[in-house]
Amino acid sequence: MSKNAAFAPCLTLKVVAPAVEFYKKAFGVEEVLIVKNEDGSVHVAELAFEGLTFHLHQEMPGSASKRAPQ
């Protein structure tokens, strides 16, 4: 069994694309993965900063765990 563990924090937002651009400009994060909805909007963004990974996830109406902060 591996003793290495990974944890990637997730921030849920109503609209993801502007946040991706903000983190890229403000902190120089790298896009690792972008998953888009059928309408072209960003549903999930996996970003990396100095070797650490975090996710931005679009709010999913009807899901208690995928709602943006009010």
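Since every read-out is calculated from the coordinates, none of them should be taken as a lab result. Since we're looking at a predicted model, the values are computed, not measured. All Cβ positions, even for glycine, are placed from backbone atoms using ideal geometry, and neighbour counts span all protein chains on display.
Residues being loosely packed, with under 13 Cβ neighbours inside 10 Å, among the hydrophobic types (A, V, I, L, M, F, W, C) and under 24 Å from ALA6 (Cα atoms): count how many of those fall in the stretch 18-31.
Matching residues across the stretch 18-31 total 1.
Looking only at the stretch 1-51, count how many residues are touching a residue at least 24 places away in the same chain (Cβ under 8 Å), under 23 Å from PRO61 (Cβ atoms) and not in a strand (DSSP E or B).
Result for the stretch 1-51: 8.
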